[in-house]
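One structure is given here, and the rest of the page talks about it.
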Amino acid sequence: MGKIISKILGLILVALQLLVSVIFCGILYVSNFLELDNILIVILVLLILVLINLILQRWLISGIVGKFLALFIILGLGYGSNMLLHTNTMLSDITSGTKEVDEINYYVLANDPAQSIADAADYTFGVLGSMDRENTDYAVTEAEGKTGSPLTLQEYDDIQALAAALYAKDIGAAIINQAYVDVLEDMEDYSDFSTETRVLETVSKESEVVSAEEFLPADEICTTPFSVYISGCDQAGSISTKGRSDVNIIATINPITKQVILISTPRDYYIPLSISGGQKDKLTHAGIYGVDVSMDTLGKLYDTDLSLYFKVNFTGFKDIVNALGGIEVDSDVAFTAGWQACSQSEKSSYTFREGSNDLDGGAALAFARERHAFASGDRQRGVNQMKVIEGVLKKVQSVSLLANYADVMKSISGSFETNLTSKQIQALVKMQMDDMASWNVLTYSVSGTDAKESTYSSPGHKAYVMIPDDSTVEKAIELVDMVCNGEKLTRADLEKSAKSSGKDSDKNPEDEDSGEEE
C-alpha cells in the first residue's frame, strides 16, 4: 500500500513538473529573449528531465530521489517564470515613453485667501507672452471651463517679470509651467518662490513622442550602428514630466563590432537650443521644452542623428540601490556631500573617502548629486554619476539581484523610460544571449571654460555656464564616427582629449551662484 501511495505521489509530482515546464516554456517564448532554436533546446532538456523522473518513479529509492528532483525543478521553474513575468512587466513599463507631460500650475501668493480656481475667477492672471504659449493657452482654457467665464490676462516677456508682478501684487495669480519654476528658483531673488507662493491647482498636458522603431526597425537594430540619448534627472514625480536634464550622455553603439562610446556633455554647456533661434542657453534647459529639443540640440552640436532616448531618474536610483542591498563605488577624492545634494536622502550630509565606498540608496543619491565640494564642479559630478551607474550595473550582474528581483524590477519601472520598443530591446537581448560577446565600452567628456552669461530661458539674468572647448567637441565627433565606421577604440584614442581637459580652471564659479539647485 505504501509503495502504491509513493508511486501515485511521484506521478503527481511528475505531472506538476510537466505542467510547470510547459508554463515556463510558454512564458519564455512570449518573452522573446531567446532564438527559437535555443528555446527548442530548453524544451528538449525539460522533457528529458520529465522522462527521467518518470522512470525513477518505478523504484522506491530512486523514486524518492525523483520526488526531490521534481520539487527542485518545480520551484526553480516557478521562480524563473516569476522572474520572466516581472521582467516583461518592467520592459512594458519603461518602453511606454511615447508621451511627455507638461505640468502647468496656477500660482497665488502663499497668504492669498483663494483655495481654488473658482475662488480666483475675478483675478488678473499673469502669463508668459510667447514662451510656452501652447501650454499656457491650454491651462487658460481649462481654467475658464471651471470659472464659467473668460480669464483676465496680463502678458509678460519673461519668467522673472511674471514672478516679480506676482510678488508685487500687480496680478492676483500666475500661470507657469512647473519646469520653468525650476529655472526661476535658480535666481537669487526667486530662490524662495515655492515657499512664497502656493499652487491652487495643476493641469497636465500630454504630448506625443515618436517611437524609436520609426527611425530604426527592430530587425535592423542588431546590424546598424546607432546613437541613444541618455537623459538623467533627479526631479520628483513622474519621469514622463518635462524638466531639466542634469545628465546628458550620447551612447553610440555598434552592435556588429561590439563597440560603445559614451559621450558626456556638462549640463551647463552654453550652446544654441534647436528652438532658440540661435540664442545660447544651458544644455540642461533644453529638457524644459521636451526630450526632442534635447536630442535635436545635441544632434546639432555633434553633427549626428539622435532619435532614440533613454531617460533615467536618479532619485529612483535610491530605491534600486536599496533593493540591491547597496552598491560599491570608487571615489576619486575624499569629500562631504552637503545639504543641497542630500535634500532627498535620509541624512543632512554624507562623507565619502577616497577609494572604495559601500553605499546605500541615500548615500548613492548624495554621491551622484554633489558638485559644490569639487573645484571642477559639475564635471566631477558627471564622473560620479557614471560611477553610480557602473556600481548598479555591477551589482545587477551579481547573485544579489536574485534575492530581491521583484523589488529591483519594480524600482527600475519607476526610474527609467525610453522610446525604444519592446521588440527592439528584445532583439538586442536575443543577440547578446546568442553570441555572448564581450563589449568594449569607453567614456569621453567634452569640456570648456567657466563663465557667467545670460541665457535664452532666463534673459537678463547672468548664470553660470560653460563655454564649449571646440577641440573636445571635435574629438567627440571623431570618436562617434570611428565607432559608426567599425573602427576599434582603445584608451589611447582618448589620451589626447584627456590632456586637453586639464586646461579647465580650478575655480568653480558655480559656488558663487548658491541659489542654484542641484
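Readers should treat all values here as calculations from the given coordinates under stated rules, not as data from a laboratory. Remember, predicted model here, so these are calculated numbers, not experimental data. So basically every Cβ, Gly included, is an ideal-geometry build from the backbone, and we count neighbours across all protein chains shown.
For the reader, a short list of remarks on this structure follows.
- Antiparallel %, DSSP beta bridges [both residues in the chain], to 5: 70
- Cut-off 13 Å (backbone N to label point 7 Å along Cα→Cβ of LEU51), residues of the range 10-38: none
- Where Rh is the Kirkwood radius over Cα pairs, Rg/Rh for the range 81-233: 1.13
- Entries in LYS311/LYS387; LYS99/LYS410; LYS99/LYS146; LYS242/LYS280; LYS280/LYS300 that, when Cα-Cα distance is taken, lie over 23 Å: LYS99/LYS146
- Available extension along the chain between ASP122 and ASP189 is 21.3 nm, counting 0.36 nm per residue and deducting the alpha carbon span.
- A convex hull fitted to the Cα coordinates of the chain yields 187 cubic angstrom per residue.
- Net charge of neighbours whose Cβ lies under 13 Å from the Cβ of GLU35, counting Lys and Arg as +1 and Asp and Glu as -1: -2
- Gained length - ILE23 relative to SER207, 0.36 nm times residue gap less alpha-carbon distance: 62.3 nm
- Label reach from ILE43 (point 7 Å along Cα→C-beta): in the range 2-18, amide nitrogens under 20 Å belong to 15-18.
- Cut-off of 10 Å, at most 13 other beta carbons, DSSP loop: longest stretch of the chain lacking such trypsin sites (Lys or Arg not before Pro): 170-346
- For the range 407-435, backbone nitrogen atoms closer than 13 Å to the point 7 Å from SER92 Cα along Cα-to-C-beta are found at 422.
- Stokes-Einstein diffusion coefficient of the range 212-512, Kirkwood radius over Cα pairs, 37 °C, 0.692 mPa s, in µm²/s: 164
- Cα-projected label distance for ASP303 with ALA334, points at 7 Å along beta-carbon direction, nm: 4.7
- Normalising by residue count, the range 3-150 has a Cα convex hull of 209 Å³ per residue.
- Measuring r between the beta carbons of ASN111 and SER343 and using R0 = 25 Å, the FRET efficiency lands at 0.50.
- C-alpha long axis of helix 2-31 to longest principal axis of the chain, angle in °: 40
- Extreme residue, positive dipole direction of the chain, given options PRO255, ASN88, ALA110 (C-beta unit charges): ASN88
- With the simple spin-label model, which puts each label point 7 Å out from Cα in the Cβ direction, the ALA165 to ASN82 separation comes to 5.8 nm.
- Charging the Cβ of each Asp and Glu at -1 and of each Lys and Arg at +1, and nothing else, the dipole of the range 211-284 about its Cα centre rounds to 340 debye.
- Fraction of beta bridges assigned by DSSP in the range 86-183 that are antiparallel (%, nearest 5): 35
- Filtered chymotrypsin sites (Phe, Trp or Tyr not before Pro), the range 330-421: DSSP coil and at most 16 other beta carbons within 10 Å: TRP339
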